[in-house]
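Input: a single structure, listed below in structure tokens.
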Amino acid sequence: MTRDIVVRARGVAMSYGAKRVLDSIDLDIHRGEVIALLGANGAGKTTTIEILEGVRSPTAGTVEVLGIDPVRAGVEHRARVGVVLQSWRDHGRWRVREFLHHFFVLHSPFRKHDSWAVDDLLERVGLADKARARIMSLSGGQRRRLDVAVGLMGNPELLFLDEPTAGFDPHARREFHELMHELVDARATTILLTTHDLAEAERLADRILILHNGRIAANGSADALAREVAGTTEVRWTARGERFVHSTESATRFVRDLLARDPDVDDLEVRRTTLEDTYLTMVAQHEAADAETNGERA
């Protein structure tokens, strides 16, 4: 059965004066998916998120979020959407728990039976021991955790995350990833995130969207995109003191055959194409294509 479509965009374009930021974006996001939006600065990531949030109206095209044009959405619809922005607004004199309780009250008219309680949410984002601290005393990473807690308040059906783990230490980042998996598995939350951490995108996302010059240059799982640009896996090993490297489209078959014919294989390593490899290759391909097109026009 096809999952419900939570986000649908057709022919979405955005211009600021003469500058074209988005160029005919088509996009479907299904319930329970985790989508990572990647791209260089200026590729159109923030504009895309803002249009889907209803902050901006596109120059052309149509958008539906949870079945409604987000620009015309009312308060009840917006309560179904969580947002974690990249920038942090200063509410430094508030104490952590009272700040989060403020949002809890705002969500009260639309609260679901399985919404987070304030103390449970503080525990989940690792701020329970800072509940009475003033926000101005928090570190950058702790403030980011509070941003995430605000975005999760009300148990949103759709969660927008803009660089969610900026400032997190490795332990906090791992806890955040576990929380994201829990949201999807137990609560069927749909997540759209932007990140510059390609390992994070590879770990979290079901599907990767790469934006380049306002267009979707790639759309697929990390594995599918890797096969598209490379198609090979690198196998390295040592035998009788000599180092060998071989590229293959079927690492499993190659390794099985290698071990069957050579009992002296040691230090065997299989290096599959990473999302970083894929991303850099795809961006380079599109930049080369753009340069060729611009050269022909000139």
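Looking at region 221-238, which of its residues are assigned to a strand (DSSP E or B) and among the hydroxyl-bearing types (Ser, Thr, Tyr)? Answer for region 221-238, where residues must be assigned to a strand (DSSP E or B) and among the hydroxyl-bearing types (Ser, Thr, Tyr): Thr233, Thr238. If you go through region 1-54 and keep only what is hydroxyl-bearing (Ser, Thr, Tyr) and surrounded by fewer than 16 Cβ atoms within 10 Å (Cβ to Cβ), you end up with Thr2, Ser15, Tyr16, Ser24. Of the residues making up region 50-80, those that are within 22 Å of Val21 (Cβ to Cβ) and β-branched (Val, Ile, Thr) are Ile51, Val55, Thr59, Thr62, Val63, Val65, Val71. Scanning region 155-169 for residues that are in a strand (DSSP E or B) and of a type outside the set (Phe, Trp, Tyr) yields Leu158, Leu159, Leu161, Asp162.
Residue-level analysis places Arg243 outside the set of residues that are of a type in the set (Lys, Arg) and either outside the structural domain of Asp277 (by TED's automatic domain parsing) or in contact (Cβ under 8 Å) with a residue 12 or more places away in the chain (or both). Taking the condition touching a residue at least 40 places away in the same chain (Cβ under 8 Å), more than 30 Å from Ala284 (Cα to Cα) and either of a type in the set (A, V, I, L, M) or not assigned by TED's automatic domain parsing to the domain that holds Gly141 (or both), does Val83 pass? Yes, satisfied. Checking Gly141, Gly167, Gly92 one by one, the residue that is in contact with a strand residue (DSSP E or B) (Cβ under 8 Å, 6 or more places away or on another chain), modelled with pLDDT under 80 and among the small types (Gly, Ala, Ser) is Gly92 and no other.
A Cβ distance below 9 Å, combined with a sequence gap of six or more or placement on separate chains, defines the contacts here; from region 122-135, residues that are within 16 Å of Gly151 (Cβ to Cβ) and part of a helix (DSSP H, G or I) reach residues that are at pLDDT 90 or above and of a type in the set (Val, Ile, Thr) in the pairs Leu122/Val96; Ile135/Val96.
Among the residues that make up region 165-179, is at least one of them buried (at least 23 other Cβ atoms within 10 Å of the Cβ), of a type outside the set (Val, Ile, Thr) and in contact with a helix residue (DSSP H, G or I) (Cβ under 9 Å, 6 or more places away or on another chain)? Scanning region 165-179 turns up no residue that is buried (at least 23 other Cβ atoms within 10 Å of the Cβ), of a type outside the set (Val, Ile, Thr) and in contact with a helix residue (DSSP H, G or I) (Cβ under 9 Å, 6 or more places away or on another chain). Determine whether Glu98 is touching a Lys or Arg at 6+ places or on another chain (Cβ under 7 Å) and either farther than 14 Å from Pro156 by Cβ or surrounded by fewer than 16 Cβ atoms within 10 Å (Cβ to Cβ) (or both). Answer is no for this residue.
For every residue, the table says whether it meets (1) among the β-branched types (Val, Ile, Thr); (2) over 23 Å from Ile29 (Cα atoms); (3) under 28 Å from the mean Cα position of the chain (by Cα); (4) not in a helix (DSSP H, G or I).
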{"position": "Ile191", "(1), (2), (3), (4)": "yes, no, yes, yes"}
{"position": "Arg203", "(1), (2), (3), (4)": "no, no, yes, no"}
{"position": "Leu211", "(1), (2), (3), (4)": "no, no, yes, yes"}
{"position": "Asn219", "(1), (2), (3), (4)": "no, no, yes, yes"}
{"position": "Asp257", "(1), (2), (3), (4)": "no, yes, no, no"}
{"position": "Ala284", "(1), (2), (3), (4)": "no, yes, yes, no"}
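The values are calculated or read from the model by the stated rules, or taken from the named source; none is laboratory data. This is a predicted model, so every value here is computed, not measured. Note that we place each Cβ from the backbone using ideal geometry, even for glycine, and neighbour counts take in every protein chain shown.
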